[in-house]
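Following: one structure in structure tokens, then a few remarks.
The numbers here are math on the coordinates, done by the rules we state, and not lab data. Nothing here was measured: the structure is a model prediction, and the numbers come from that model. Heads up, the Cβs are rebuilt from the backbone with ideal geometry, glycines too, and the neighbour counts pull from every protein chain shown.
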Amino acid sequence: MAKLTEKHNYDGTLICVEGIDGSGKSTQLALLRDWLKSCGKDVIYTEWNSSPLICQTTKLAKKKNMLSPRTFSLLHAVDFADRLQQVIAPALKAGFIVLADRYAYTAFARDVARGVEPKWVRQVYDFAIRPDLTLYFDIDPKTSMERICFNRTPKFYEAGMDLKLSNDPFESYILFQSRVIKEYKKMLSEYDIVKLDANDSIHKKQVKIRELLQQILAEKGVAI
Amino acid sequence: MKKEYKTKHGYEGLLVVIEGTDGSGKSTQLQLLKKSLQDKSYGVMVSEWKTSRLIADVIDDAKERNLLNATTYSLLYAADFADRLENQIIPALKSGFIVLLDRYYYTALARDVVRGQDIEWVKNLYDYAPEPDLVFYLDMPVDVLLKRIIGTTGLDFYESGRDVGFSTDFYNSFEIYQNKCLEQYEKMKKEYGFISIDGTKSIPEIHKVMNNAVLEILNSGVLN
């Protein structure tokens, strides 16, 4: 079985983007996908909490504020395991470039920010495949909030309201996401994650990402 | 009265588990024990495996449609357990109830390991669970189990371990699967100090053994 700590042996390439909401990672991944497709590469895209097996249940439970940190963690692990085995692993075996919007690191950051033990959650995701490249979009919580909550209140779990850090969702969002960012930063060296400045222009980031990907593909003998 | 017994988990209440394979008579004994303890004015809470309002239906549906692999199987049951533990079991223990459980995480250990999961990985999933004060194990030979199951519910796909691919014949598959589960239980008996009871004994005989063991603890005044 694959391990997060060991290089995988599949023909394909796994690229992940990480960071808190509003950091621009999905925009970058969409641009990357279109470019790879236009180059004639086999690409698939998969996003966090989207497995047909469980994502509706998780969304419903979130809406009803029913989840303890541990249950929250395990439900997302179910989603991840399902996508890993049904989508990600087969695509990698078939030589695809797999673009993942959030990966196990999201769980490590969020669940630990919720008080789950770092070792426990890492062990839960032990079956994950190690990405060839992980990009972290560094943004401060205030800018993130301005981007995603300009016309709405932060949602219950998004703001970490379950932790009762503050009764004000906006203040809670800042406090909780600061914790999440702290966990992300601890992981940069632990997992060889490349940090990008989310405040850079869309163009600048995309140029950098394409460069990084070209290097990785070149190492695998794939020209692009 | 002096409290001689201290609960193993540190909560006010008492945690009693009945383990055993399908058809070993667990639910019958649970009901008898519940009645007997309630008759003595104790508060009793019963909880069965895979009954969380959040996840149980998802598991049933996914099983019906054959959507599960070994990892999602393990994680879904772990999520069900976490939800029940945090929403029912621990609150009841804190309030001083006697909590009677039909299966505990030993069931997951047996079933998941038979499905090829690494035992340490499974143990980690449940490592936060409180240690029960008593674990009764109903020991039943496979031939008796087979007759009981065939005579009542009939052979079920997962109970027969058909998903593991031991055999496409229901009878053979059940025999192989349940034997492998029994092997796991056998190993756990000592490791977790199960009180093993011969499941072929009569219902009142088994009840007496369980009832006496629980009363022995209660007579120490632990819940007074």
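Taken over segment A:84-128, the criterion of being part of a helix (DSSP H, G or I), within 22 Å of A:Asp11 (Cβ to Cβ) and at the interface with chain B (Cβ under 10 Å from one of its Cβ atoms) is satisfied by A:Leu84, A:Gln85, A:Gln86. Helices (runs of 4 or more DSSP H) fully within segment B:81-142 that include at least 2 residues being away from chain A (no Cβ under 14 Å): B:90-94, B:105-114. Considering only residues that are among the charged types (D, E, K, R) and in contact (Cβ under 8 Å) with a residue 12 or more places away in the chain, which ones fall in segment B:79-113? Of everything in segment B:79-113, those that are among the charged types (D, E, K, R) and in contact (Cβ under 8 Å) with a residue 12 or more places away in the chain turn out to be B:Asp80, B:Asp83, B:Arg84, B:Lys94, B:Asp102, B:Arg103, B:Arg111, B:Asp112.
For A:Ile216, state whether it is in a helix (DSSP H, G or I), of a type in the set (A, V, I, L, M) and more than 26 Å from A:Val121 (Cα to Cα). In short, yes.
Pairs linking a residue in segment A:47-58 that is at the interface with chain B (Cβ under 8 Å from one of its Cβ atoms) to a residue that is hydroxyl-bearing (Ser, Thr, Tyr), with Cβ atoms under 7 Å and 6 or more positions apart or on different chains, are A:Leu53/B:Thr72.
Examine segment B:168-178 for a residue that is among the small types (Gly, Ala, Ser) and either in contact with a Pro (Cβ under 9 Å, 6 or more places away or on another chain) or surrounded by fewer than 17 Cβ atoms within 10 Å (Cβ to Cβ) (or both), and state whether such a residue exists.
Going through segment B:168-178, the residues among the small types (Gly, Ala, Ser) turn out to be B:173.
From the residues that got through so far, the ones that are either in contact with a Pro (Cβ under 9 Å, 6 or more places away or on another chain) or surrounded by fewer than 17 Cβ atoms within 10 Å (Cβ to Cβ) (or both) too are none.
No, segment B:168-178 has no match at all.
On the stretch given as segment A:1-36, residues that are within 12 Å of the chain's Cα centre (by Cα), assigned to a helix (DSSP H, G or I) and more than 21 Å from A:Ala94 (Cα to Cα) total 2. The residue list B:Lys34, B:Lys8, B:Lys40 contains one member that is of a type in the set (D, E, K, R), over 15 Å from the mean Cα position of the chain (by Cα), surrounded by 16 or more Cβ atoms within 10 Å (Cβ to Cβ) and more than 22 Å from B:Tyr158 (Cα to Cα), which is B:Lys34. When the criteria are applied in full, A:Leu75 fails the requirement of being among the hydrophobic types (A, V, I, L, M, F, W, C), within 9 Å of chain B (Cβ to nearest Cβ), assigned to a helix (DSSP H, G or I) and over 16 Å from the mean Cα position of the chain (by Cα). Looking across segment B:171-198, the residues that are assigned to a helix (DSSP H, G or I) and in contact with a Lys or Arg (Cβ under 7 Å, 6 or more places away or on another chain) come down to B:Ser173, B:Cys181.
Is it the case that A:Tyr136 is touching a Gly at 6+ places or on another chain (Cβ under 8 Å) and either of a type in the set (Val, Ile, Thr) or assigned to a strand (DSSP E or B) (or both)? Here the answer is yes, as A:Tyr136 does meet what is asked.
Scanning segment B:202-216 for residues that are more than 13 Å from B:Leu33 (Cβ to Cβ) and surrounded by 15 or more Cβ atoms within 10 Å (Cβ to Cβ) gives no hits.
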